[in-house]
Amino acid sequence: MPNPLDAAAVRAWCGLALEALGRERERIDAINVYPVADGDTGTNLYLTLESAARAVEAAFDGHASAGTAPGLADAIGAMAHGALIGARGNSGTIVAQLLRGMTEVLAADGATADAGRAAETLRRALRRAAASTYEAVAHPVEGTVLTVATAAADAAERAAGGAGDAAEVARAAHEGARSALRATPGQLAVLGRAGVVDAGGCGLVALLGALADALSGETSVTPVAVRADAPLPEAAGCEAATRAAADGCHNPDGPAFEVIYLLEARDDAVARLRTRLDGLGDSLVVVGGDGLWNVHVHVDDAGAAVEAGIEAGRPYRIRITHFGGAGRVKEPEMAARAVVAVVPGAGLAGLCSEVGATPVAVRPGEPPASGELVQAIRQAHAREVMLLPNDPELRHTAAAAAEQARTEGVRVALIPTRSAVQGIAALAVHEPGRSFDEDVVAMTSAAGATRYAELAVAERQSWTMAGVCQAGDVLGLIDGDVAVIGSDLTVTATTVLDRMLSAGGEMVTLVLGAQAPSSLAERLERHVHERHLAVDTVVYDGGQHGAPLLIGVE
C-alpha cells in the first residue's frame with residue numbers, strides 16, 4: 001500500500017536517497033566530465049544529501065523532545081535547508097535549489113490523506129523544482145541535470161492521465177528522468193565524446209528513484225545507468241569512461257578554482273553579486289533565499305570571488321578548490337604537500353588561498369564537523385597534509401579528521417595551532433621542499449612561539465579571571481583567558497598589547513574583524529611604534545565575526 005506524502009515519507013526519502021548515492025557515488029564520480037572533469041560529482045551529491053538527512057533527523061528529534069510530531073512543511077523545509085548549507089559542487093548546489101523549489105509547494109499545501117490531492121501537489125512541486133533550477137543557473141545548458149529535472153516534471157504531469165496517487169507520480173517522474181538521462185550524450189557534445197551520460201542528472205535519477213520507493217513503500221532503489229548505451233557498468237567500464245574524460249573532455253583553459261560559500265545577504269545585494277561573479281568566471285549557481293544563499297562559481301581569481309561576497313553580505317564556510325589543470329577524473333594530480341587551515345573569516349580564507357593553502361572558513365558557534373575537514377584534506381589533493389585547526393576547541397575534531405585521512409593513504413600532521421594568528425605564523429615558515437618531519441617541527445615551533453590574544457564584547461554579566469564583566473564590556477583575552485576588562489575597544493587593545501610585549505617580542509600581527517572600526521589598525525600601529533621601537537607590525541583584514549581583533553606576538 002502506498003505511503004502518504006507526509007513528514008515520515010520525507011524522512012524515508014532522505015534515508016533511501018543517501019543509501020542510493022552511497023552505492024552509486026564512485027560510479028557517478030567516474031563519469032564526471034562536465035562542467036569540469038574533476039571526478040567528484042557523486043561525492044558532492046552524497047555529502048549534500050548527508051547534510052539534508054542530518055537536518056531532517058534533527059527536526060524529528062526536536063519535535064520528539066517537545067512531545068510533538070513534525071509536519072510535512074517541517075520535514076521538507078529541514079531537508080531543503082540542510083541541503084542548502086551542506087551543498088557541495090555544482091551538482092549539489094543545483095539539487096539544493098531543486099529541493100527548495102519543491103518545498104515552496106509542499107510546505108504551502110501540507111500533508112493530506114486525499115490521494116488525488118497529494119498527487120497533484122507532488123506534480124506541482126516537481127514542476128516548481130525544475131523551474132527553480134533554471135532560475136539559479138546563470139547560463140543554463142541542455143543535456144545536464146536541468147534537462148533531466150524538466151523531463152521528470154513533464155512525466156509527472158502525464159502520469160495516469162492526471163489521476164493516480166503520489167507514488168505513481170513519483171515513479172513516472174523517475175522513469176521520465178531515466179529516459180532523459182539516456183539522451184544527454186546527444187545533447188551535450190562533451191558527454192558524447194566521452195560516451196557517458198550527465199553525472200548530475202545521474203544523481204537526480206537516483207534521488208527521484210528514492211522518492212518513488214519512499215512513497216510506494218519499497219526499500220530499494222533501481223540502479224542508475226551511467227553509460228549512454230549500457231546498463232550500470234563494472235569497474236572496467238568506469239575506467240573507460242574516465243580515460244575518455246582525460247582524453248579531450250577537460251578544458252585546460254578553463255578557470256583554475258572552484259569557490260563555494262554560504263552568504264547572508266539581502267535579495268538586492270545578491271542580484272548585484274550574480275552580475276559581478278558572472279563577469280569573473282563560469283558555472284555560476286546561486287541558490288537560496290530569505291537571507292541565506294549558497295554561492296558556487298568557477299574562477300581564476302578566487303580572492304575576487306570571495307571579495308564580491310564580502311561586498312554583498314557575510315560569506316562563511318568558504319571552500320576554495322584548485323582544479324590543478326590536469327583534467328583527470330579518478331586520479332587528479334597529487335601535490336607533494338599541502339596545508340589545510342580552519343579560519344574564522346573570509347579575509348583570512350583569501351589569505352590562505354593566496355599562499356596555496358586550502359581554507360575552511362567558519363563562523364563563531366558553527367565549528368566544522370570532522371567530515372568537513374576530511375573533505376578539505378581530500379580536496380587538497382596532496383600525499384602529505386599539514387592540518388591547522390587554529391582553535392583549541394577543534395583539537396578532537398581535527399584529530400578525528402586526520403585519523404580518517406590517514407586510513408585513506410594521506411600522511412597528515414596535526415599542527416597544534418590554538419588561534420588564527422598562530423596559524424599565520426605556521427604558514428609563514430611552511431616549506432614543502434624540506435622533509436615532512438622538519439616541516440612539522442618548524443611549523444609547530446613557529447606556532448608555539450606566537451602568543452595570541454583576542455578582543456571580544458561581553459554578551460552578559462559574568463565572572464572572569466579579571467573580575468566581573470557586564471554586558472557590552474570589551475574583553476581582552478590573552479592565551480584564552482580574560483586578562484583585561486574595559487569599555488573602549490582601542491584602549492583595551494593597547495593595554496593587551498603592552499602586557500604581551502612586556503615579555504618581549506619582535507613582531508605584532510593584527511587581524512581586524514568585520515566590525516572593527518576603520519581607525520583601529522592605524523591607532524594600534526602608531527602605539528606600537530611609539531612605545532615599542534624595535535617591534536614590527538603587520539595588519540590583515542580578517543573579516544571574522546565575533547572577535548573585532550586578533551593579536552599575535554612573536
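The values are calculated or read from the model by the stated rules, or taken from the named source; none is laboratory data. Bear in mind the structure is a predicted one, so any value in this text is a computation, not a measurement. Glycine gets a Cβ as well: all are built from the backbone with ideal geometry, and neighbour counts include every protein chain shown. Accessible surface is based on the protein model in full, side chains and every heavy atom, while ligands, DNA and RNA are left aside. Shrake-Rupley method; radii C 1.70, N 1.55, O 1.52, S 1.80 Å.
A few comments on the model shown:
- Within the range 336-367, the set of residues being more than 25 Å from D437 (Cβ to Cβ) and surrounded by fewer than 21 Cβ atoms within 10 Å (Cβ to Cβ) comprises E354, R363, P364, G365, E366, P367.
- The one condition from (1) out of contact with any Leu (no Cβ under 7 Å at 6 or more places or on another chain); (2) under 21 Å from P344 (Cβ atoms); (3) open to solvent by 30 Å² or more (accessible area, probe 1.4 Å) that S435 does not meet is (2).
- One residue alone among E454, E530 is of a type in the set (D, E, K, R), within 24 Å of P367 (Cβ to Cβ) and not in a loop (DSSP other than H, G, I, E, B), and that residue is E454.
- For L520, the criteria (1) under 18 Å from G542 (Cα atoms); (2) out of contact with any strand residue (DSSP E or B) (no Cβ under 7 Å at 6 or more places or on another chain); (3) buried (at least 17 other Cβ atoms within 10 Å of the Cβ) hold in every case but one, which is (2).
- When A73 is tested against the conditions (1) assigned to a helix (DSSP H, G or I); (2) in contact (Cβ under 8 Å) with a residue 60 or more places away in the chain; (3) small (G, A, S), the lone failure is (2).
- Among the residues of the range 381-402, not one is open to solvent by 20 Å² or more (accessible area, probe 1.4 Å), of a type in the set (A, V, I, L, M), in contact with a strand residue (DSSP E or B) (Cβ under 9 Å, 6 or more places away or on another chain) and more than 19 Å from V441 (Cα to Cα).
- Options V482, V468: the member that is over 13 Å from I551 (Cα atoms), within 36 Å of the chain's Cα centre (by Cα), at pLDDT 90 or above and assigned to a strand (DSSP E or B): V482
- All positions within the range 51-67 that are surrounded by fewer than 20 Cβ atoms within 10 Å (Cβ to Cβ) and either part of a helix (DSSP H, G or I) or touching a helix residue (DSSP H, G or I) at 6+ places or on another chain (Cβ under 9 Å) (or both): R54, E57, A58, F60, D61, G62, H63, A64, S65
- One residue stands out in the range 23-48 among those that are within 15 Å of A206 (Cα to Cα) and open to solvent by 40 Å² or more (accessible area, probe 1.4 Å): the one that is nearest to the chain's Cα centre (by Cα), namely Y46.
- Test: residue in the range 139-151 that is in contact with a strand residue (DSSP E or B) (Cβ under 9 Å, 6 or more places away or on another chain) and open to solvent by 40 Å² or more (accessible area, probe 1.4 Å): yes
- Filter pass, I76 being surrounded by 24 or more Cβ atoms within 10 Å (Cβ to Cβ), farther than 22 Å from G288 by Cα and out of contact with any Lys or Arg (no Cβ under 9 Å at 6 or more places or on another chain): no
- Candidates L394, L284, L387, filtered to the one that is farther than 20 Å from E258 by Cα and assigned to a strand (DSSP E or B): L387
- For the range 470-487, the criterion of being open to solvent by less than 20 Å² (accessible area, probe 1.4 Å), out of contact with any helix residue (DSSP H, G or I) (no Cβ under 6 Å at 6 or more places or on another chain) and over 17 Å from S419 (Cβ atoms) is met by none of the residues.
- Qualifying positions in the range 497-514 - in a helix (DSSP H, G or I) and in contact with a strand residue (DSSP E or B) (Cβ under 6 Å, 6 or more places away or on another chain): M500
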